[in-house]
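Down below is the structure, laid out as structure tokens.
The values are calculated or read from the model by the stated rules, or taken from the named source; none is laboratory data. Since the structure is predicted, the reported quantities are computational estimates derived from the model, not experimental observations. Cβ placement follows ideal geometry from the backbone for every residue including glycine, while neighbour counts extend to all protein chains displayed.
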Protein chains: 2
Amino acid sequence: MNHIEIIGFIAAFLTTAAFLPQVYKTWKTKDVSSLSLPMLFIFFIGILMWLIYGFLKNSPPMIFANSITIVSVFLLVYFKIKYGKK
Amino acid sequence: MNHIEIIGFIAAFLTTAAFLPQVYKTWKTKDVSSLSLPMLFIFFIGILMWLIYGFLKNSPPMIFANSITIVSVFLLVYFKIKYGKK
């Protein structure tokens with residue numbers, strides 16, 4: 001692995017590490033009032049496009065980071081639909 | 001601009017569009033209680049690394065997206081420090 005990809009993986013770990021606690025917090029508190037469903041959908045499609053872009057650019061850190069993020073955003077969408085009605 | 005970079009720019013627009021309302025909302029409401037300063041710092045460093053990675057990979061969409069995001073995160077850090085004490 002070359003130096004460029006190492007920088008990418010450091011970036012991937014940091015941004016993923018900063019995002020996951022948000023997902024965990026939402027899961028624990030079930031407080032989805034501050035989440036907007038249309039915004040989550042836009043974000044989900046955006047992350048999906050980044051994932052495709054990562055494959056096309058042959059970027060392992062982008063594929064890694066966006067794979068984790070897309071699952072997280074999917075969970076947030078699920079929480080919003082499940083708990084948002086209460 | 002080739003097809004790969006067009007996909008990247010669509011991704012960049014979508015994820016940036018989903019993130020900016022959060023910054024605007026924080027600015028309007030001055031409610032920073034749900035933001036964690038250490039997490040914002042980790043995110044800031046992460047985005048900085050993605051920006052460097054974007055330059056090294058010659059990726060215009062990554063440079064575009066992360067330039068906007070790093071300014072946004074910097075603003076959130078500023079809001080947190082300014083309004084967090086109240």
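If I ask for residues that are surrounded by fewer than 18 Cβ atoms within 10 Å (Cβ to Cβ), in a helix (DSSP H, G or I) and not polar (S, T, N, Q), which ones from region A:25-41 would you list?
A:Lys25, A:Trp27, A:Lys28, A:Leu37, A:Pro38, A:Met39, A:Phe41
Residues A:Phe13, A:Phe74: which one is farther than 17 Å from B:Thr16 by Cα, surrounded by fewer than 18 Cβ atoms within 10 Å (Cβ to Cβ) and at pLDDT 95 or above? Don't jump to the end; show me each part of the working.
Details: A:Phe74 fails: at pLDDT 95 or above.
Going through A:Phe13, A:Phe74 in turn, just one is farther than 17 Å from B:Thr16 by Cα, surrounded by fewer than 18 Cβ atoms within 10 Å (Cβ to Cβ) and at pLDDT 95 or above: A:Phe13.
For region A:42-59, enumerate the residues that are within 7 Å of another protein chain (Cβ to nearest Cβ) and either buried (at least 20 other Cβ atoms within 10 Å of the Cβ) or more than 22 Å from B:Val23 (Cα to Cα) (or both). Step through it out loud before you land on a result.
As a first pass, look at region A:42-59 and keep what is within 7 Å of another protein chain (Cβ to nearest Cβ): A:42-43, A:45-47, A:49-50, A:52-53, A:56-57, A:59.
Scanning region A:42-59 gives A:Phe43, A:Gly46, A:Ile47, A:Met49, A:Trp50, A:Ile52, A:Tyr53, A:Leu56, A:Lys57, A:Ser59.
Quick test for you: out of A:Pro38, A:Pro21, pick the one residue that is within 19 Å of B:Lys25 (Cβ to Cβ), free of Cβ contacts under 8 Å to residues at least 12 places away in the same chain and facing chain B (nearest Cβ under 10 Å). Reasoning before the result, please.
Values: A:Pro21 fails: within 19 Å of B:Lys25 (Cβ to Cβ).
Every option except A:Pro38 fails the conditions.
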